[in-house]
Amino acid sequence: MTSDAVLAARELLVRPGARAGGFTLRVPDLALRRGEVLAILGPNGAGKTTLLRALAGLIAPSAGAIEVRAPHGVALVFQHPLLLAGNVAWNAEVPLWGRGIARRKRQERARAALARFGIAALAERDATTLSGGEARRLALARAFVVAPDVLLLDEPFDDLDAAGREALVQDLAGAIRETEIAVAIVTHDLRQALLLADRIAVLDAGALAQLGARDEVLRRPASAEVAALVGMANWLPGRVRSRDAAGLALVELAPAATLRVATACAAGTDVWVGIRPEHVKIDVDHSDPNTLGPASVETRVSDGALVVAWIDWHALRLRTHLLAGRGLGQTLKAGDGVFIAVRPEDVHVLPRDPR
């Protein structure tokens with residue numbers, strides 16, 4: 001266990017319910033570090049909540065070990081907050097009972113935790129009357145009131161509207177920054193996870209498919225499955241044909257569609273090519289040195305902040321993102337002729353099994 005890790009899983013094997021032939025979770029090595037947020041992503045049934053409960057000590061592993069170096073404990077906030085009968089202040093104070101803390105001090109800490117998550121004004125409200133967003137804030141305040149070393153969050157943004165998610169992310173980020181707590185968060189909301197995460201762990205069918213720094217996982221996913229989960233929407237088959245004078249590989253995606261990429265794959269290798277939407281640049285001319293040539297806008301949609309456009313390039317469909325209120329984001333429409341460009345360093349290449 002490294003010096004900055006407060007909780008670590010080693011060769012972890014978990015079989016929930018110990019059912020023969022049932023689901024098995026395997027995690028060879030995973031650590032939570034002080035002041036860092038680990039986002040745990042994966043499709044439904046991948047084992048995200050099972051991992052969180054194992055880290056919390058609620059599920060005993062069948063093999064391996066979970067090492068804890070957390071003198072102030074580990075707090076788990078469930079997907080559906082459990083509220084007790086009584087007012088909000090009392091709910092926030094409950095975790096401090098039995099810890100030898102004087103009543104006035106308990107009350108001070110509870111009110112400070114409520115203020116941290118913006119619900120101090122609700123202190124006297126019956127907790128069972130809170131809205132979904134207010135209940136989630138109370139659950140977080142109740143977790144932070146004990147000043148744990150590790151915080152485990154299971155879908156903390158579930159069922160919140162966009163404004164509620166944005167506000168909660170800001171308050172949670174501030175609390176993490178102030179306390180330097182180690183956090184693991186399970187969520188299906190990629191955008192909110194990326195706003196908080198320092199590292200990403202991707203689970204697929206009970207296996208740890210990839211673990212790394214946030215930007216490394218986003219830009220260099222280990223498989224097509226991981227690429228889909230982290231938003232690398234452009235994922236195309238190709239073949240390395242040759243190298244140019246600069247040492248870059250020329251990858252053929254279609255008879256007239258070739259990309260220059262930085263890869264060690266030899267000529268003749270079948271590959272997967274991944275490009276994040278934000279790395280597909282579109283313009284009205286071909287002045288960019290990394291131009292791929294002419295293309296056309298197939299369709300576009302906008303939520304008012306972001307424009308998502310699908311581009312037809314030699315019968316290949318590429319997705320790109322633009323700011324809605326600026327430049328081409330204001331004027332682009334279906335049927336427009338454009339030029340597209342992608343920098344070689346923004347192209348991710350993986351060898352492809354011909355089978």
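Assorted remarks:
- Residue that is modelled with the lowest pLDDT, among those in region 13-27 that are in a loop (DSSP other than H, G, I, E, B) and surrounded by 13 or more Cβ atoms within 10 Å (Cβ to Cβ): Phe23
- Identity of the residue in region 147-161, of a type in the set (A, V, I, L, M) and within 27 Å of Asp204 (Cα to Cα), that ends up nearest to the chain's Cα centre (by Cα): Leu153
- For region 161-199, a residue qualifies if it is modelled with pLDDT under 90, outside any helix (DSSP H, G or I) and buried (at least 20 other Cβ atoms within 10 Å of the Cβ), and exactly one does: Thr187.
- Any helices (runs of 4 or more DSSP H) falling wholly within region 28-117 and containing at least 1 residues that are out of contact with any Ser or Thr (no Cβ under 8 Å at 6 or more places or on another chain) and farther than 30 Å from Ala224 by Cα: 88-93, 103-116
- Test result for Ser287, of a type in the set (S, T, N, Q), farther than 27 Å from Arg220 by Cα and assigned to a loop (DSSP other than H, G, I, E, B): yes
- Residue within region 263-270 that is among the charged types (D, E, K, R), on the phi < 0 side of the Ramachandran plot and assigned to a strand (DSSP E or B) present: yes
- Taken together, the criteria place Gly274 among residues that are of a type outside the set (A, V, I, L, M), outside the structural domain of Ala222 (by TED's automatic domain parsing) and either outside any loop (DSSP other than H, G, I, E, B) or surrounded by 17 or more Cβ atoms within 10 Å (Cβ to Cβ) (or both).
- Residues of region 325-352 satisfying the condition of being in a loop (DSSP other than H, G, I, E, B) and free of Cβ contacts under 8 Å to residues at least 40 places away in the same chain: Gly325, Arg326, Gly327, Lys333, Ala334, Gly335
- One residue alone among Val217, Val202 is under 24 Å from Leu12 (Cα atoms), outside any strand (DSSP E or B) and within 18 Å of the chain's Cα centre (by Cα), and that residue is Val217.
- Close pairs from region 66-82: first closer than 17 Å to Ile185 by Cα, partner hydroxyl-bearing (Ser, Thr, Tyr) and at pLDDT 90 or above, Cβ under 9 Å, at least 6 apart: Gln79/Thr49
- Matching residues in region 228-248 - criterion: being more than 29 Å from Ile200 (Cα to Cα) and either part of a strand (DSSP E or B) or in contact with a Lys or Arg (Cβ under 6 Å, 6 or more places away or on another chain) (or both): Arg239, Val240, Arg241, Ser242, Arg243, Leu248
The values are calculated or read from the model by the stated rules, or taken from the named source; none is laboratory data. Note that the structure is a prediction, hence the values are computed from the model and not measured. Backbone-built Cβ (ideal geometry, glycine too); neighbour counts: all protein chains shown.
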